[in-house]
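Here the structure is laid out as structure tokens; the discussion comes afterwards.
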Amino acid sequence: MMDGFGPSLAFWVLAAITLVAAGGVMVSRNLLHAVLFLILTFVGVAGFFVLLSADFIAMAQVIIYVGAIAVLVLFAVLLTPRSSRDNSETRWAAPGILLAVCLAAIFLFVVHDTAWRTVDAAPANLSAASLGRALLSTWVVPFEIASVLLTAALVGAIMLTRSPEEEAEDALA
Amino acid sequence: MTPGLEHFLTVGALLFCLGLAISLSKRNAIGVLMGVELMLNAVNLTLIAFSRFTVSPNPIAGHTFVVFILTVAAAEAAVALALAVAVYRNRETVDVDRLNLLRS
């Protein structure tokens with residue numbers, strides 16, 4: 001499944017796009033450019049999902065992350081004035097970056113030192129149909145709880161962003 | 001060179017650490033949020049890679065977990081951006097260095 005020139009080329013191209021775009025989020029000075037790099041990272045990760053034969057997850061990634069979350073972040077950036085669009089670091093940046101580098105070293109050591117028991121052929125039942133069956137049989141309670149969480153987040157976001165004038169109008173009504 | 005589990009895990013680990021560095025070092029609250037989203041994406045990538053490559057009686061469980069992470073990430077982004085807008089309205093800034101009202 002992963003044999004051949006095509007998947008290898010796709011992997012290296014996607015890895016380059018994803019990591020370079022994530023680095024662009026880190027180094028770009030304008031918050032708007034950082035959001036555009038973030039969208040490119042999301043698209044790269046969706047490509048990885050296709051490569052790992054997770055078609056439905058790739059579609060969900062494109063719709064939710066690229067379609068919804070990125071547009072939400074873009075709106076938040078565009079609705080704040082131009083003066084608050086700088087993407088610079090705090091004075092605690094150096095310890096944070098140092099911590100991330102140390103963590104990366106630990107992760108890479110663990111990943112390359114462990115003898116993973118892997119299979120080369122893709123498992124048979126990774127289709128969207130079996131995902132739907134699992135979500136509505138084994139995982140039906142977490143599925144319903146997730147819908148309650150989404151409703152609570154929706155109502156909470158609307159309540160948080162109301163202006164004082166709107167609240168005064170509601171108090172009068 | 002065919003990509004194996006280690007390659008995908010390496011990309012996931014690097015993406016996670018980049019997200020961690022971004023969320024720890026950015027001054028703007030929206031920048032911090034973007035780092036958190038990158039970290040969630042890296043975790044999703046790792047879970048899908050494990051679900052594709054490891055020997056498991058129930059490989060779809062990893063995909064199920066990713067669906068739930070996507071849901072929670074969407075809820076988190078909505079609430080966090082609403083918080084950023086509310087904070088900006090009250091304090092005229094989303095600079096996390098200057099949001100120190102709780103510091104005695």
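Output yes when any residue across segment A:31-39 is at the interface with chain B (Cβ under 7 Å from one of its Cβ atoms), touching a strand residue (DSSP E or B) at 6+ places or on another chain (Cβ under 8 Å) and either open to solvent by less than 10 Å² (accessible area, probe 1.4 Å) or among the small types (Gly, Ala, Ser) (or both), and no when none is. Scanning segment A:31-39 turns up at least one residue that is at the interface with chain B (Cβ under 7 Å from one of its Cβ atoms), touching a strand residue (DSSP E or B) at 6+ places or on another chain (Cβ under 8 Å) and either open to solvent by less than 10 Å² (accessible area, probe 1.4 Å) or among the small types (Gly, Ala, Ser) (or both). Looking only at segment A:102-113, decide whether some residue is at the interface with another protein chain (Cβ under 7 Å from one of its Cβ atoms) and open to solvent by 90 Å² or more (accessible area, probe 1.4 Å). Yes, because at least one residue in segment A:102-113 is at the interface with another protein chain (Cβ under 7 Å from one of its Cβ atoms) and open to solvent by 90 Å² or more (accessible area, probe 1.4 Å).
So which residues in segment B:1-35 are open to solvent by less than 40 Å² (accessible area, probe 1.4 Å) and under 11 Å from the mean Cα position of the chain (by Cα), if there are any at all? Those that are open to solvent by less than 40 Å² (accessible area, probe 1.4 Å) and under 11 Å from the mean Cα position of the chain (by Cα): B:Leu15, B:Cys17, B:Gly19, B:Leu20, B:Ile22, B:Ser23, B:Val32, B:Leu33, B:Met34, B:Gly35. Residue check: B:Ser56 meets all listed conditions (1) part of a loop (DSSP other than H, G, I, E, B); (2) at the interface with chain A (Cβ under 7 Å from one of its Cβ atoms); (3) under 29 Å from A:Ser8 (Cβ atoms) but one, namely (2). Tell me, please, whether a residue that is more than 8 Å from every other protein chain (Cβ to nearest Cβ), without any contact (Cβ under 8 Å) to a residue 12 or more places away in the chain and under 27 Å from B:Leu9 (Cα atoms) can be found in segment A:67-79. Yes, the conditions are met somewhere in segment A:67-79.
Return yes or no: is B:Leu38 surrounded by 20 or more Cβ atoms within 10 Å (Cβ to Cβ), within 7 Å of chain A (Cβ to nearest Cβ), touching a Gly at 6+ places or on another chain (Cβ under 7 Å) and without any contact (Cβ under 8 Å) to a residue 40 or more places away in the chain? Break it down stepwise before answering.
Working: surrounded by 20 or more Cβ atoms within 10 Å (Cβ to Cβ): yes; within 7 Å of chain A (Cβ to nearest Cβ): yes; touching a Gly at 6+ places or on another chain (Cβ under 7 Å): yes; without any contact (Cβ under 8 Å) to a residue 40 or more places away in the chain: yes.
When the stated conditions are applied, B:Leu38 passes them.
Which of the residues spanning segment B:63-101 are closer than 21 Å to B:Leu24 by Cα, more than 7 Å from chain A (Cβ to nearest Cβ) and of a type in the set (D, E, K, R)? Result: B:Glu76, B:Asp95, B:Arg98. Considering segment A:28-120, the qualifying helices (runs of 4 or more DSSP H), each wholly inside and each with 1 or more residues that are out of contact with any helix residue (DSSP H, G or I) (no Cβ under 8 Å at 6 or more places or on another chain) and among the small types (Gly, Ala, Ser), run over A:93-113.
The values are calculated or read from the model by the stated rules, or taken from the named source; none is laboratory data. Fair warning: this is a prediction, and the values are worked out from it, not measured in the lab. Cβ: placed from backbone, ideal geometry, glycine included. Neighbour counts: every protein chain shown. Surface areas here come from the heavy atoms of the whole protein model, side chains and all, with no ligands, DNA or RNA. Shrake-Rupley method; radii C 1.70, N 1.55, O 1.52, S 1.80 Å.
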